[in-house]
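In what follows, a single structure is set out as structure tokens and then discussed.
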Amino acid sequence: KRILLLVTMQMLLLSLPLACAAQSALLVGDLQGIVDSVAAKYDCAVSLGVTAGNTSISVAGGSASIGGGPASTTDRYAWGSVTKTITGGAIMRLVADGKLSLDEPAYTYVDAMLKKSNYAYPTMQQLFAPDFWSIPPPVIFDPKNVTIRHLLAMLSGVPDYDTDGYRHLQYNHPSAGFSPLDILDISHGPLMFVPGGPVPSSGPYHSATNYCSVNFMLLGFVLAHFAGAKTWDKYDQRDILPDTLKERVFFADLDTLCGDATAPVHGYDKQSFAAGDQPFDVSSLNCFAGWTAGNVIMDAQAAADWAMALYGPDSVIPQAAIKQMLPGNASYGLATFGFNGRYANGTAGECYGHLGDTYGFTSTGSYFP
């Protein structure tokens, strides 16, 4: 099994005097040893970016592809759901600016964009309703009750698209770019639970939240509305990024193949039914489908710098907005996972950020306050 493992760590190492060149060099050596060990264990590429104060450290290990050359710190990867922190940050800036409330209904803005796009289901009520050919569930929940907060917290109840069935479809039509509207077609159907929860405690939906990328695609329509975009594809996802990152962070579009965006890196899927018995090289796949839920492309150091730009002391949003995003001891807050204890040798160390698990790539963007 060969999985391309990508990790980015974002740290404020307050007890470590990184200004000392000798100790900084020792840290680089230690991190390189860790990266090389993990790359050898899993037969993969590992890239690690660290930002601590004004110091940045990047290390990489393993090979960029099966039989390929060594991984480099400048290699770019598909970061999947780490994109949600960018979308979430942009939403929270609108909230901080008083342009949007977390507790207002999402349909006001989503419907406006669906209608501009001449979409077959021009409202969330029609989109998230039983299909004409289906057998409706015993209870129907009103999509008009889905708020911005529900979408950010994965508590809207909307059905997801990212299943083995969808992956099989994408793998059989690798270069096809599925637009957000195409994806909503796949997700068409009634809400799975009442907006805001609780998530049903039995059946497949048994966690405190119901992880679903469609939430963040709907938030993309909200952002497009506030940006004054005529259609979804006119929204510039770079808007929330600081100027220093706008030329280092890229977003896949309907024409972007993974192999073009991440060359010379190749991602390999061996985790799904759709991949079959052999590692599936995703280089031939279009890597756009998730849009504002999963289409960011960048190197590990850029990802670390984005984590600092979002959660750090000089954030692109006010500190009060960051506090609203944080999950505390919960598993998920607003566009943010809670990682407390996971990266601190089992101690009570505080950490938060987001996981990414797109086809052939695994990633983590983490911040240690």
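Kindly indicate the residue of segment 40-57 that is open to solvent by 10 Å² or more (accessible area, probe 1.4 Å) and assigned to a loop (DSSP other than H, G, I, E, B) and also farthest from Ala309 (Cα to Cα) among those meeting that condition.
Only one residue tops the list, namely Asp43.
Condition first: modelled with pLDDT of 70 or more and open to solvent by 50 Å² or more (accessible area, probe 1.4 Å). Now tell me which residues in segment 331-351 satisfy that. Let's see the steps before the verdict.
We begin by selecting, within segment 331-351, every residue modelled with pLDDT of 70 or more; these are 331-341, 349-351.
Those that are modelled with pLDDT of 70 or more and open to solvent by 50 Å² or more (accessible area, probe 1.4 Å): Ser331, Asn340, Glu350.
Can you give me the number of residues within segment 238-288 that are more than 27 Å from Ala307 (Cα to Cα), open to solvent by less than 70 Å² (accessible area, probe 1.4 Å) and out of contact with any helix residue (DSSP H, G or I) (no Cβ under 6 Å at 6 or more places or on another chain)?
Qualifying residue count, segment 238-288: 7.
Report yes if some residue within segment 99-117 is part of a loop (DSSP other than H, G, I, E, B), of a type in the set (Lys, Arg), assigned by the TED database to the domain that holds Arg149 and open to solvent by 70 Å² or more (accessible area, probe 1.4 Å); otherwise report no.
First, the residues of segment 99-117 that are part of a loop (DSSP other than H, G, I, E, B): 99-104, 106, 117.
Now narrow it down to the ones that are of a type in the set (Lys, Arg): 99.
From the residues that got through so far, the ones that are assigned by the TED database to the domain that holds Arg149 too are 99.
Then drop every residue that is not open to solvent by 70 Å² or more (accessible area, probe 1.4 Å), which leaves 99.
Yes, because at least one residue in segment 99-117 is part of a loop (DSSP other than H, G, I, E, B), of a type in the set (Lys, Arg), assigned by the TED database to the domain that holds Arg149 and open to solvent by 70 Å² or more (accessible area, probe 1.4 Å).
With the requirement that a residue be crowded, with 17+ Cβ neighbours inside 10 Å and either in contact with a strand residue (DSSP E or B) (Cβ under 8 Å, 6 or more places away or on another chain) or at pLDDT 95 or above (or both), what does segment 197-211 give you?
Passing the criteria: only Thr209.
Hey, does segment 352-366 have a residue that's part of a loop (DSSP other than H, G, I, E, B) and of a type in the set (D, E, K, R)? So that I can check it myself, show each step before the final result.
Keep residues of segment 352-366 that are part of a loop (DSSP other than H, G, I, E, B), which gives 359-360.
With the extra rule that they be of a type in the set (D, E, K, R), the set shrinks to none.
No: zero hits.
From the set of residues in segment 158-187 that are under 14 Å from Thr292 (Cβ atoms) and in contact with a Leu (Cβ under 7 Å, 6 or more places away or on another chain), which is least open to solvent (accessible area, probe 1.4 Å)?
The extreme case among them is Leu184.
Kindly evaluate Asp75 against the criterion of being open to solvent by less than 30 Å² (accessible area, probe 1.4 Å) and part of a loop (DSSP other than H, G, I, E, B).
On the way: open to solvent by less than 30 Å² (accessible area, probe 1.4 Å): yes; part of a loop (DSSP other than H, G, I, E, B): yes.
The answer is yes for Asp75.
Applying the selection to segment 138-157, what residues are part of a loop (DSSP other than H, G, I, E, B) and either surrounded by 20 or more Cβ atoms within 10 Å (Cβ to Cβ) or in contact with a Ser or Thr (Cβ under 8 Å, 6 or more places away or on another chain) (or both)?
Keep residues of segment 138-157 that are part of a loop (DSSP other than H, G, I, E, B), which gives 138-142, 146, 153-157.
Hits for segment 138-157 are Val146, Ala153, Met154, Leu155, Ser156, Gly157.
Contact list please: Cβ distance under 6 Å, first residue in segment 228-255 and in a strand (DSSP E or B), second residue of a type in the set (Val, Ile, Thr), pairs at least six apart or on different chains.
As it stands, the answer is Phe250/Ile297; Phe251/Val296, since those pairs meet every condition given.
For segment 294-314, state whether one or more residues are open to solvent by 20 Å² or more (accessible area, probe 1.4 Å), modelled with pLDDT of 90 or more and over 22 Å from Val46 (Cβ atoms).
Yes, because at least one residue in segment 294-314 is open to solvent by 20 Å² or more (accessible area, probe 1.4 Å), modelled with pLDDT of 90 or more and over 22 Å from Val46 (Cβ atoms).
Which residue pairs have Cβ atoms closer than 6 Å, lie 6 or more positions apart in sequence or on different chains, and pair a first residue in segment 172-193 that is in contact (Cβ under 8 Å) with a residue 24 or more places away in the chain with a second residue that is assigned to a helix (DSSP H, G or I) and of a type in the set (Ser, Thr, Tyr)?
Listed pairs, sorted by first residue: Pro174/Ser284.
Only one of (1) touching a residue at least 60 places away in the same chain (Cβ under 8 Å); (2) more than 16 Å from Ser175 (Cα to Cα) fails for Gln278. Which number is that?
Unmet condition: (1).
When you look at Ala224, is it in the same structural domain as Tyr121 (by the TED database), closer than 16 Å to Asp103 by Cα and surrounded by 15 or more Cβ atoms within 10 Å (Cβ to Cβ), yes or no?
Values: in the same structural domain as Tyr121 (by the TED database): yes; closer than 16 Å to Asp103 by Cα: no; surrounded by 15 or more Cβ atoms within 10 Å (Cβ to Cβ): yes.
No.
Tell me the residue from Val199, Val194 that is in the same structural domain as Gly356 (by the TED database) and in contact with a Gly (Cβ under 7 Å, 6 or more places away or on another chain), please. Break it down stepwise before answering.
Numbers: Val199 fails: in contact with a Gly (Cβ under 7 Å, 6 or more places away or on another chain).
Only one candidate qualifies: Val194.
The values are calculated or read from the model by the stated rules, or taken from the named source; none is laboratory data. Remember, predicted model here, so these are calculated numbers, not experimental data. Cβ atoms come from the backbone with ideal geometry, glycine included; neighbour counts cover every protein chain shown. Side chains are part of the model used for accessible areas, which takes the heavy atoms of the whole protein and leaves out ligands, DNA and RNA. Shrake-Rupley method; radii C 1.70, N 1.55, O 1.52, S 1.80 Å.
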